[in-house]
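Peer 1: Can you read through this structure? Questions will come right after.
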Amino acid sequence: MLDTVRILYEYTLKNRVPAFLTGEEYEEQCRITEQQEERLRRLLPPEGQQSLADYAGDSRIKGDLELEAMFQAALSLGMELSRL
């Protein structure tokens, strides 16, 4: 990502995104996700705990990359629309 786009992305992530992550549906999904992760941890033997932690970390990185790509696409679309 270009430095300018990175700064815009980080600003948006910190200051704008939280306003859109509100509501009962989002909060319920957070609870469900936490419950499922805790259930998996209880079911796994100790040697499986690290694999779950590794998977969760890798999955978060993948999600972050997808969010960055969506931001770049939305910014690009916004710039195109402003030219109309």
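The values are calculated or read from the model by the stated rules, or taken from the named source; none is laboratory data. Just so we're clear, the structure is a prediction, and the values are computed from it rather than from any experiment. Using ideal geometry, Cβ is built from the backbone for each residue, glycine included, and neighbour counts are taken over all protein chains shown. Each accessible area value is taken on the protein alone, full model and side chains, heavy atoms only, with ligands, DNA and RNA left out. Shrake-Rupley method; radii C 1.70, N 1.55, O 1.52, S 1.80 Å.
Peer 1: Looking at residue 52 and the list (1) surrounded by 10 or more Cβ atoms within 10 Å (Cβ to Cβ); (2) more than 30 Å from residue 79 (Cβ to Cβ); (3) aliphatic (A, V, I, L, M); (4) free of Cβ contacts under 8 Å to residues at least 12 places away in the same chain, which single condition is not satisfied?
Peer 2: It fails just one condition, (4).
Peer 1: From 31, 83, 6, 41, which residue is at pLDDT 95 or above and either among the hydroxyl-bearing types (Ser, Thr, Tyr) or open to solvent by 70 Å² or more (accessible area, probe 1.4 Å) (or both)? Break it down into steps so the answer makes sense when it comes.
Peer 2: Details: 83 fails: at pLDDT 95 or above; 6 fails: at pLDDT 95 or above; 41 fails: at pLDDT 95 or above.
Answer to the selection: 31.
Peer 1: Pairs, please: C-beta under 9 Å, at least 6 apart or cross-chain, first residue over 23 Å from residue 72 (Cα atoms) and in the stretch 12-27, second assigned to a helix (DSSP H, G or I)?
Peer 2: 26/20
Peer 1: Among the listed residues 22, 12, which satisfies the condition of being β-branched (Val, Ile, Thr) and surrounded by 10 or more Cβ atoms within 10 Å (Cβ to Cβ)?
Peer 2: On the way: 22 fails: surrounded by 10 or more Cβ atoms within 10 Å (Cβ to Cβ).
Sole residue among the options that is β-branched (Val, Ile, Thr) and surrounded by 10 or more Cβ atoms within 10 Å (Cβ to Cβ): 12.
Peer 1: Can we say residue 71 is open to solvent by 90 Å² or more (accessible area, probe 1.4 Å), closer than 21 Å to residue 7 by Cβ and among the aromatic types (Phe, Trp, Tyr)?
Peer 2: On the way: open to solvent by 90 Å² or more (accessible area, probe 1.4 Å): no; closer than 21 Å to residue 7 by Cβ: yes; among the aromatic types (Phe, Trp, Tyr): yes.
So residue 71 fails the test.
Peer 1: Now, a different point. Can you pull out every residue in the stretch 3-19 that is closer than 14 Å to residue 67 by Cα and not hydroxyl-bearing (Ser, Thr, Tyr)?
Peer 2: Residues of the stretch 3-19 closer than 14 Å to residue 67 by Cα: 5-6, 8-14, 16-18.
Scanning the stretch 3-19 gives 5, 6, 8, 10, 13, 14, 16, 17, 18.
Peer 1: Could you tell me which residue of the stretch 57-68 is most open to solvent (accessible area, probe 1.4 Å), considering only residues that are charged (D, E, K, R) and free of Cβ contacts under 8 Å to residues at least 12 places away in the same chain?
Peer 2: Taking the stretch 57-68 first, the residues charged (D, E, K, R) are 58, 60, 62, 64, 66, 68.
Then keep just the ones that are free of Cβ contacts under 8 Å to residues at least 12 places away in the same chain; that gives 58, 60, 62, 64, 66.
Numbers: 58: 102, 60: 145, 62: 122, 64: 81, 66: 86 Å².
The qualifying residue most open to solvent (accessible area, probe 1.4 Å) is 60.
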